[in-house]
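The values are calculated or read from the model by the stated rules, or taken from the named source; none is laboratory data. For clarity, every value in this text was computed on a predicted model and none was experimentally measured. Please note: Cβ atoms are built from the backbone with ideal geometry, for glycine as well, and neighbour counts cover all protein chains shown.
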Amino acid sequence: MSGRARSVEGASPVAGPALSAAAAAYRRRTHRKQAVLAFIATVLLGTVLLDLATGPARYSLGEIIPALVGADGAAPEIRAILWNIRLPTALMAVTVGAALAVAGAQMQTILANPMASPFTLGISGAAGFGASLALAFGFAILPAFVDYMVPLNALLMALLAAGIIHVFSLQRGATTERIVLLGIALVFSFNAFLTLVQFLASEQAVAAVVFWTMGSLSRVTWPKLGVCIVMLALVLPVFMRRAWSLTTLRLGEDRAASLGIDVRRLKLETMALVALLASVPVAFVGTIGFIGLVGPHIARLLIGEDQRFFLPASALCGALLLSSSSILSKTLVPGTLLPVGIVTAIIGVPFFLALILRDARRG
Amino acid sequence: MSAGVSLQLINVGVSYGRHKVVDGVSTSAIASGAVVALLGPNGAGKSTLLKRIAGLLTGPGRVDIVGAKREEIGYLPQHHASPAGVTVYESVILAVKRNGAWSVSAAELTQVDATLDMLGITGLAPRELEDLSGGQRQMVAIAQTLVREPRVLLMDEPTSALDLHRQLEVLGVIRDLAQTRGVIVLVSLHDVNLALRFASHAMVMARGQIVASGRSLDVISAQMMQAVFHVEARIELCSRGRPHMIIDGMKEP
């Protein structure tokens, strides 16, 4: 095939050859996906502002925006509440939501399993157990880094669980159902370990662990937020660079391998990054379930599985879900701040059941 | 047309555990433009041999390919794409993307268009993979393999899910690629009449080894059908003078 045209996407349409109807349709579809991304991002921005306005004291947008941008007329007490409490909390919801949804999206991709997510397959539970060791007993798996023992314990345990799932998924006969069952076994195991930690820990430590197992955004600080943002900022570009390979993997492992993709390596590296994405949030805000399951499914419905768009869409949908859950956690029971993990479970469990029922009908 | 390609197997083997699935397979050099039908009963090792040549399995022996780079070896697996949430067009773009660039160039789009057109499935372009029939999925898988413009084409039962018209269409396209671009095609088939019609050469496998190979008219014979497939068969010329394999029934025990 000689005489290939040189013009690239975004170049002037006059310079390139006339596109076929199918190619033009593909371009339109691509633009539509970009528009959908922009739309979700806009809705997310609105949710974050609403999240900032909601709390024991309610503020209007007219009060919040000047306080955020540091305008002269802004009330100092609003500015203090926003900058010290609500802004880090709201941004943490966005960051953690995005991280969990991307982790779920990639687990679903590499395991070819719609029911996969850090929460449903036990990676979150493992991270929770690891973190609880540090919270309850001050036990550091890596004693050299005792200052970071909570996130590091969480990460190491998450890597362990991810490793177990990965090795299992490479076996012949590792069907979707069996991986889900393995996940259930992992969830039960790590929950039992966590209960054991609570049983053995001091009363004071138990209160901390229990509060934190429910998943809560209420003790977020800027440094914790910073760690989560840096982690997300490091992992996302790695996935984005592999967008084509990861999408191709969805066509099946044989197919991906036949197109020159090193499937084993891609799966292993992705699983390790998933463990990182899922464990760091757990270390700071506890186990928040179902975002990693529901977020990618909404993204897939809206935008399909071309990872160039699916990945950012998953991140945005996860962020949107957790941000909305944060608002609900402040408003569902007036005057009470519910742990946000309870809210996400209320949303997530029916969704999970719907997925199972859909698969049962298809099977 | 650029310089020719050649493919030769030297003592190639593949084992799963202790079980030798492909055992000491050697061939003479297969030249540009050859369409080689790979025949043999179920479990003979055809799929495994194709995977081994494609570089997806390891084992003893050598696969010598001259004149084609690694990415110019196209392999069509027997099992077709799982239903991912992408359209036919998007899925063929996936196959043509070789570099990491995010955007899809006009050249790549042209390549996709040409392939869909060549296979006569332009109409499927906007459909979701999930909504396709088995045969349509097979056509898409073939498009994914051909869009990369392979110089060595390894196809594992490309016609298994296709209707009669599509079978002739696909094998016709493949034969044209061999004749006009000098592609080497190695294609496993169950239908010996398709092999007679489209393949210049044939290789017959049984129990992991090659038991006959040569020009297809020489290899595909009544004796071979009896020995390898255990069926009574005869080759007769039809009223248009074409050879056809007629299967009379199972071989008497």
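Whenever a residue of region B:62-86 is more than 11 Å from every other protein chain (Cβ to nearest Cβ) and touching a residue at least 60 places away in the same chain (Cβ under 8 Å), its partners that are surrounded by fewer than 16 Cβ atoms within 10 Å (Cβ to Cβ) and in a loop (DSSP other than H, G, I, E, B), lying with C-beta atoms within less than 9 angstrom and at least six residues away or across chains, give the pairs B:Val66/B:Gly4; B:Val66/B:Ala29; B:Gly67/B:Ser2; B:Gly67/B:Ala3; B:Gly67/B:Gly4. Of the residues that make up region A:285-294, is at least one touching an Asp or Glu at 6+ places or on another chain (Cβ under 7 Å) and surrounded by 15 or more Cβ atoms within 10 Å (Cβ to Cβ)? No, region A:285-294 has no match at all.
Does region A:84-94 include one or more residues that are of a type in the set (Ser, Thr, Tyr), outside any helix (DSSP H, G or I) and more than 28 Å from A:Ser202 (Cα to Cα)? Checked against the condition, which is being of a type in the set (Ser, Thr, Tyr), outside any helix (DSSP H, G or I) and more than 28 Å from A:Ser202 (Cα to Cα), region A:84-94 yields no hits at all. Is there a residue being in a strand (DSSP E or B) and either more than 7 Å from chain A (Cβ to nearest Cβ) or under 30 Å from A:Ala24 (Cα atoms) (or both) anywhere in region B:42-49? No; the residues of region B:42-49 include none that is in a strand (DSSP E or B) and either more than 7 Å from chain A (Cβ to nearest Cβ) or under 30 Å from A:Ala24 (Cα atoms) (or both). Would you check if A:Phe129 is under 19 Å from A:Phe193 (Cα atoms) and modelled with pLDDT of 90 or more? In short, yes. Annotation for region B:50-60: no member residue is farther than 16 Å from B:Val140 by Cα, in a helix (DSSP H, G or I), free of Cβ contacts under 8 Å to residues at least 40 places away in the same chain and not basic (Lys, Arg). All of A:Phe310, A:Phe284 fail the test of being part of a helix (DSSP H, G or I) and more than 14 Å from every other protein chain (Cβ to nearest Cβ), apart from A:Phe284. Each residue in region A:21-64 was checked for being closer than 30 Å to B:Leu124 by Cα and under 20 Å from the mean Cα position of the chain (by Cα), and 5 pass. Of B:Leu109, B:Leu76, B:Leu50, B:Leu39, all but one fail to be surrounded by 19 or more Cβ atoms within 10 Å (Cβ to Cβ) and touching a Ser or Thr at 6+ places or on another chain (Cβ under 6 Å); the exception is B:Leu76. Based on this model, can you work out whether B:Leu94 counts as within 13 Å of chain A (Cβ to nearest Cβ), at pLDDT 95 or above and not in a loop (DSSP other than H, G, I, E, B)? So B:Leu94 does not fit the description; no. A single member of B:Glu108, B:Glu71 is of a type outside the set (A, V, I, L, M), closer than 26 Å to A:Leu19 by Cα and modelled with pLDDT under 95, and it is B:Glu108. Among the residues making up region B:115-145, a single one is more than 19 Å from the chain's Cα centre (by Cα), at the interface with chain A (Cβ under 7 Å from one of its Cβ atoms) and assigned to a helix (DSSP H, G or I): B:Thr122. Checked against (1) more than 12 Å from the chain's Cα centre (by Cα); (2) within 14 Å of another protein chain (Cβ to nearest Cβ); (3) not acidic (Asp, Glu), A:Ile346 passes all but condition (2). Of all residue pairs spaced 6 or more apart or on separate chains, those with beta-carbon atoms under 7 Å, a first member in region A:256-268 that is within 11 Å of another protein chain (Cβ to nearest Cβ) and a second member that is surrounded by fewer than 20 Cβ atoms within 10 Å (Cβ to Cβ) and not in a helix (DSSP H, G or I) are A:Ala257/B:Leu56; A:Ser258/B:Leu56.
Of the residues A:Ala53, A:Ala67, A:Ala57, A:Ala35, the single one that is free of Cβ contacts under 8 Å to residues at least 12 places away in the same chain, away from chain B (no Cβ under 14 Å) and in contact with a helix residue (DSSP H, G or I) (Cβ under 9 Å, 6 or more places away or on another chain) is A:Ala53. When A:Val180, A:Val187 are checked against the criterion of being within 17 Å of A:Ala112 (Cα to Cα) and β-branched (Val, Ile, Thr), A:Val180 stands alone in meeting it.
Inside region B:148-169, residues that are at pLDDT 95 or above and of a type in the set (Val, Ile, Thr) make up a count of 1. Take A:Ser117 and decide whether it is part of a loop (DSSP other than H, G, I, E, B) and either under 16 Å from the mean Cα position of the chain (by Cα) or modelled with pLDDT of 90 or more (or both). The answer is yes for A:Ser117.
If you go through region B:97-110 and keep only what is facing chain A (nearest Cβ under 7 Å) and in contact with a helix residue (DSSP H, G or I) (Cβ under 7 Å, 6 or more places away or on another chain), you end up with B:Lys97, B:Gly100, B:Trp102, B:Val104, B:Leu109. Note on region B:207-219: residues that are buried (at least 18 other Cβ atoms within 10 Å of the Cβ) and aliphatic (A, V, I, L, M) total 3.
Only residues that are outside any helix (DSSP H, G or I) and either touching a residue at least 40 places away in the same chain (Cβ under 8 Å) or among the β-branched types (Val, Ile, Thr) (or both) were counted across region B:103-114, and they come to 1.
Remark: pairs (first residue in region A:321-340, farther than 16 Å from A:Leu49 by Cβ and without any contact (Cβ under 8 Å) to a residue 24 or more places away in the chain; second residue of a type in the set (Ser, Thr, Tyr) and assigned to a helix (DSSP H, G or I); Cβ separation under 8 Å; 6+ apart in sequence or on different chains) = A:Leu338/A:Ser329.
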